[in-house]
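The values are calculated or read from the model by the stated rules, or taken from the named source; none is laboratory data. Computed from a predicted model, the values in this text were never measured in an experiment. Methodologically, a virtual Cβ is constructed for each residue, glycine included, from the backbone with ideal geometry; neighbour enumeration extends over all protein chains shown.
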Amino acid sequence: MMKSANAILAGLTLLGLASWVQAGALAADAETTFKFYCAQCHGLGGKGDGPNVTKNFPVSPRNFTNAKEMNKLSDADIKNVVLDGGPAASKSPMMPPWGKTLTGPQVDGLVKHLRKLCKCKGKQG
Ligand code: HEC
């Protein structure tokens, strides 16, 4: 009796550990995704200063560390621009659509990553 209760407890602890590890992996994954797909324009630290951005780049990629600007966007707004590209939000086509490249969970991870960069919660609703 005691033994099986312990086994169950051990099992639960393992499960908890597994989901904790998974959450950590997801966060790390969002950062990797960002560095791979977004940093060439938005910069590794999200400041809009990636190596792609030259003097003749017509618009500056959003600086994600600018909380004032980032607070004008809700999480849904960000998701929408990332999935459908700049023009979907009346922004520049220099911001490409990623809906065919990235999965929903990857985009959700990116939204969280951008919120970490701006240290802001964004427009609510
Ligand atoms: C080829 C360069 C380029 C790449 C790559 C790129 N972006 Fe952009 N992004 C831009 C530009 C330029 C803008 C600004 C468009 C404007 O203001 O008209 C922008 C705007 C945005 C905005 C909208 C900000 C706002 O104020 O509405 C978000 C959100 C965004 N990018 C997220 C991402 C994410 C996430 C990735 C990676 C999956 C990414 N971008 C990759 C160039 C890029």
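Number of residues in the range 91-104 that are more than 8 Å from the ligand (Cβ to nearest atom) and either touching a residue at least 12 places away in the same chain (Cβ under 8 Å) or among the aliphatic types (A, V, I, L, M) (or both) equals 2. Of the residues making up the range 103-125, those that are surrounded by 18 or more Cβ atoms within 10 Å (Cβ to Cβ) and either outside any helix (DSSP H, G or I) or of a type in the set (Phe, Trp, Tyr) (or both) number 2. In the range 63-76, the residue that is surrounded by the most Cβ atoms within 10 Å (Cβ to Cβ) out of those that are part of a helix (DSSP H, G or I) and among the charged types (D, E, K, R) is Asp75. If I filter the range 31-45 down to residues being part of a loop (DSSP other than H, G, I, E, B) and small (Gly, Ala, Ser), which single residue comes out as farthest from the ligand (Cβ to nearest atom)? So the residue we want is Gly45. In the range 77-90, of all residues being within 6 Å of the ligand (Cβ to nearest atom) and modelled with pLDDT of 95 or more, the one that is surrounded by the fewest Cβ atoms within 10 Å (Cβ to Cβ) corresponds to Gly86. Looking only at residues in the range 46-62 that are more than 9 Å from the ligand (Cβ to nearest atom) and exposed (fewer than 14 other Cβ atoms within 10 Å of the Cβ), which one is modelled with the lowest pLDDT? Within the range 46-62, the match that is modelled with the lowest pLDDT is Asn56.
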